[in-house]
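Working notes, structure below.
Quick note: the coordinates plus some simple rules give every number you see, no bench work behind them. Predicted model, so just to flag it, every value in this text is computed and none were measured. With ideal geometry, Cβ positions are generated from the backbone for all residues, glycine too; neighbour counts draw on all protein chains shown.
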Amino acid sequence: MKKIIIAAPLIFLALLISQAVFIVDETKQVILLQFGAYVRTVKEPGLNWMIPFVQAVTEYEKRLLRYDAAPAEFLTRDKKALVVDSYARYRISNPRKFFETVRDLPRANARIDAIIASVLRETVASHDQSDIITEKREPIMEEVGQEVRKKSREFGVEVIDVRIKRTDFPREIAESIHARMRAERNRISKRFRSEGAEEELKIKGETDKQRAIIIAEAKKQSEILRGEGDAVAIRIFADALRQDPEFYAFLRSLQTYRESMDENTSVILTTDSPLFRYLEGPGRPKR
């Protein structure tokens, strides 16, 4: 019985201490509430004390948070529809104001979404479509970020930046644009094919021309060389004939025999035939 009496206060004391102590993680920040009313903010990590059963703690993230806004359609200054997919990075800079205005992240994201949509609508409406989808987008988004940052301070949030992930055309417009792009690409490809075919004909024509010129030049050169060769041969024959007409006649007769006779050839000649002259024997025939 004495042990129970001694243990009861110890258990109560342990319970009291567990309810009086809270630990702040280094990635968190805490606000202390007493009966639902704000008491103080604790941002430093470590062990802290509170009044048990009277006070309570609410944790908020200290790190950067990201919110991806749903794609929304906006109208540009030149009256063209544009679907913008954006996101924002932010942190809870004032936990007390955050608690008193939005209390939790879902409500904070809803407020940020509304602010971003409003600022984007106003900004996009003051610029042409080409400005939003080209390199001019960077300064435009800086302008959007400054405006969103100023409005989000009202509920204890510091928006670091707002960025556009993707810009696109509405579905019905995108389909017609894609159809025009395909038609334009087909037109360009046909023009390239036509130009290629024309260039092919030019190259073939020039090649055939060069081929005909080369062949004609080669034939001309061969005829010249053949003529020169024939002239040299005739000159050699003429020189040989002048030097020894009898020997030349003998060679010509042998050539005739070789070209016109073989071992199966039978020849009937008269005794005064020129072909019979050297078949009888060497020397001139007697008259």
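Per-peptide packing, taken as the mean over residues of other Cβ atoms within 10 Å, places 181-190, 48-57 in the sequence 48-57, 181-190 from highest down. A simple rule links phi to the HN-Hα coupling: the Karplus curve 6.51 cos²θ - 1.76 cosθ + 1.60 with θ = phi - 60°, which for region 129-137 gives 4, 4, 5, 6, 9, 10, 5, 6, 5 Hz, with x for Gly and Pro.
Under 5 Å between amide hydrogens, built in the peptide plane, is the criterion, and for A69 it picks out S86, Y87, A88 among residues at least 5 positions away or on other chains. Take 155-161, 32-38, 69-75 and order them by the average number of nearby Cβ atoms within 10 Å per residue, most first; the result is 155-161, 69-75, 32-38. Under the shape rule built on the C-alpha gyration tensor, where the axes satisfy a ≥ b ≥ c, region 78-226 is prolate, since a/c reaches at least 1.5 and a/b is greater than b/c.
Amide H contacts of R40: L32, each under 5 Å away and 5 or more positions distant or on a separate chain (H built 1.01 Å from N in the peptide plane; Pro and chain starts excluded). Residue by residue, what Karplus-based ³J(HN,Hα) values in Hz, rounded to whole numbers, does region 191-196 have, using 6.51, -1.76 and 1.60 with θ = phi - 60° and x for Gly and Pro? For region 191-196, the Karplus curve yields 5, 5, 5, 5, 5, x Hz. Proximity of backbone amide H atoms, modeled 1.01 Å from N, is registered between H127 and R77 at under 5 Å, excluding neighbours fewer than 5 places apart on the same chain.
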